[in-house]
Amino acid sequence: MNRRMHPFRPLLLATLALTAVGCSTTQTNTPAAVAKPVAAPTGPVSISNRAMLLFDDAVKSFDAQKKAKAFDYPSLERKFKAALEADQNLAEAEYNLGVIAERMGKGDEAKARYASALTKKPSLRQASDNLAIMKQNGGDVAGAVALYQDVLTRYPDDAGSRARLAEIYRQNNDHDKAMELSRAALMRDPMNTNALKVMIRSYLDRKQLAMAKLVALRAVKLDGTDPELHQAVGLILLKEGDTEGARLQFKSALEAKADYVPAHVELAQLALNAEDFPGAEEHLRRILQSDGKNAAAHVDLGIALKGQGQYDKAMQEYDEAEKLNPDLGATYLNRGIILHKVKDAPERAVELYKKYVALAGGEVAINAEAPVFGLMREAESIVQAKREASAAEAQAKQMEALQAQQQAAMKAEEAKQKGQPPPGGATPASGNGTAPQATPASGTGAQQPAAAPAGGTQTAPAQKNAAPADSDEPTDDLL
C-alpha cells in the first residue's frame with residue numbers, strides 16, 4: 001500500500017448537548033463547553049494516500065457546511081467512515097466520527113469513538129478532552145478530573161485542561177482556585193476563551209459586574225462568533241438592568257448558533273415577562289426541539305399558550321410536564337390557575353395549590369406574600385360561596401315543594417267544602433243515593449209520598465186534613 005507522511009487538516013470538535021430548562025420554572029444549566037477548533041497533530045503520521053484524500057474531502061465538506069450554517073451530519077458521517085475504512089489507523093477520522101455522533105445525540109457511540117481514537121493515537125488529547133467533558137456533563141466529576149489531570153501529566157503546558165478544571169472548581173464555589181487555573185491557562189494560551197468564560201462566570205457569581213463585563217468584552221473581541229460569549233455579555237447587562245441590551249446580545253448568540261439553547265431560554269423568559277406570549281412560544285418550541293423531555297419547558301409553553309387563550313392546549317403541556325417530572329410544583333400551580341379562573345373548578349384548584357405548596361416544602365418554606373396563598377384563599381371562598389348557594393337553593397326547593405303541598409291540600413279542602421249541599425241545595429252524586437226532595441214553602445219539612453216503582457202497586461196515602469166522608473156518597477169498597 002502506498003503511504004506517505006502528511007500533516008492532518010484541522011479536526012472537528014464536539015458540540016455538547018446543552019441542558020435547557022423552562023424559564024419560568026428553572027434556571028439555565030450550562031455544561032462545560034468544548035474548545036474551539038485546534039490544529040491536528042503536526043507530527044508525521046504514516047497514512048495511505050486514499051485515506052488521506054477521503055479525509056481531506058470530508059473536512060472540506062465540513063468547512064463548507066459550517067460556513068453555510070447548515071450541517072448534514074449523515075453525509076459527513078459517510079465521508080469520514082469512508083476515510084476510516086480506507087485506513088483503520090486514521091485516529092483523526094475516528095475522532096471526528098465521535099464528534100458527529102455526539103452532535104446527532106448518540107452519546108454512547110461518541111464515547112466509544114473517542115476511546116478508540118485514543119487507543120489508536122494516545123497523543124490525541126482532544127479525544128481525552130471530549131471524554132472528560134462528557135463525564136463532567138453526565139455528573140461524573142471525579143472521572144472528568146482524572147482525565148484532565150492525566151492530560152496535564154502528559155502535556156504540562158495544556159491550557160484547555162486547566163481551563164476546564166478551573167470550571168469544575170468554580171462550580172464547587174472555590175473561586176480562588178478557579179481564577180488561579182484560568183490565569184495559568186491564559187499564560188499558556190492567551191487566546192483560550194474557555195479560561196475567559198470561567199473568569200466571567202466567577203465574577204458574575206460574586207456579583208462583580210464591572211470586572212465580568214471587562215473580561216467579557218475582551219473575549220468577544222477575540223472571538224465574536226462564540227455564542228457563549230454573547231450570552232455572557234447578555235447576562236451581565238441583564239443584571240445591570242439593561243433588558244434591551246441583554247436581548248440584543250442573546251439574539252447575537254442565536255445569530256452565531258441558531259440552536260444555542262441558553263439564549264432561547266433567556267429570550268423566552270424576557271418574552272414571558274413582557275407578556276409577549278407568541279414570542280415566548282417560538283423560543284420554547286425551539287428549546288423542546290433540542291430536548292423534548294424538558295418538563296420545565298413544557299410548563300412554560302403551557303403558560304405561553306394560556307396567555308394566548310389556548311387553555312386546552314396549555315393543559316396538555318402541563319399533562320406532559322407531569323409525566324416527565326411529577327415533582328415539578330409549577331405544573332400543579334399553573335394547572336390550578338386554569339381550573340380556578342377558566343374552568344370553574346375551584347375545588348380541584350385548591351387541591352392543586354396545596355400540592356404545589358407541599359412540593360415547595362410547606363407553608364414555612366414559601367413567602368407569606370406568595371401569590372399562591374391569595375389564589376388559594378380566593379378559590380376557597382368561591383367553593384364556600386358555591387356550597388352556601390347550593391344549600392340555599394336546596395332549601396328554596398324544599399320550601400317550594402312544601403308550599404306546593406300545602407296549596408294542594410288547601411285546594412282539596414276547598415273542593416271538599418264546595419262539594420257539601422248548601423241550604424236547600426241538592427245532594428252531590430257522591431252522597432247517600434237518596435234523591436233530593438223539595439220542601440214546600442209552607443210545609444213543615446215532611447217528605448211527600450215517593451212515586452211508586454214501575455209496574456208495582458201503591459197504596460194511596462192518607463189525605464192530610466181530609467173532610468169527613470159524606471154518608472150519602474157511594475163507597476168503593478167491595479163486598
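FYI, it's all coordinate maths here, none of it is from the lab. In this text, all values refer to a predicted model and were calculated from it rather than measured experimentally. Cβ: placed from backbone, ideal geometry, glycine included. Neighbour counts: every protein chain shown.
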Can you pick out the pairs among Lys341/Lys397; Lys239/Lys354; Lys81/Lys111; Lys111/Lys213; Lys81/Lys121 whose Cα atoms lie more than 26 Å from each other? Lys341/Lys397; Lys239/Lys354; Lys111/Lys213
Output needed for the stretch 169-218: three equivalent-ellipsoid semi-axes, defined as square roots of 5 times the C-alpha gyration tensor eigenvalues, in descending order, whole Å. 16, 14, 7
Could you please state, rounded to a whole Å, how far the C-alpha centre of the stretch 180-225 is from the C-alpha centre of the stretch 296-344? 39
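Can you tell me which of 171-180, 344-353 comes out highest on packing, and rank the rest after it, using the mean Cβ neighbours within 10 Å? Walk me through the numbers on the way to the answer.
Details: 171-180: 15.0, 344-353: 19.6.
Going from most to least packed, we get 344-353, 171-180.
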Once the piece of chain linking Ser381 and Asp344 is laid out straight, how much longer is it, given 0.36 nm per residue of separation minus the C-alpha distance between them? 12.0 nm
Could the peptides 250-258, 264-272 be put in order, highest first, of the mean number of other beta-carbon atoms found within 10 Å of their residues? 264-272, 250-258
P(r) of the stretch 48-91 over all Cα-Cα pairs, 5 Å bins starting at 0, rounded to whole percent, reads 5, 27, 30, 19, 12, 6, 1
Subtracting the Cα-Cα distance of Asn172 and Glu400 from 0.36 nm times their residue separation yields 74.7 nm
The stretch 77-131-the stretch 249-285 distance, computed between alpha-carbon centres (Å): 33
If the only charges are +1 at each Lys and Arg Cβ and -1 at each Asp and Glu Cβ, what is the size of the charge dipole of the stretch 232-332 around the Cα centre, to the nearest 20 debye? 180
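Compare the peptides 289-300, 146-157, 130-141 by average per-residue count of other Cβ atoms within 10 angstrom and give them in order, highest first.
289-300, 130-141, 146-157
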Extension gain, Asn273 back to Ala112 (0.36 nm per residue minus Cα-Cα distance, nm): 53.6 nm
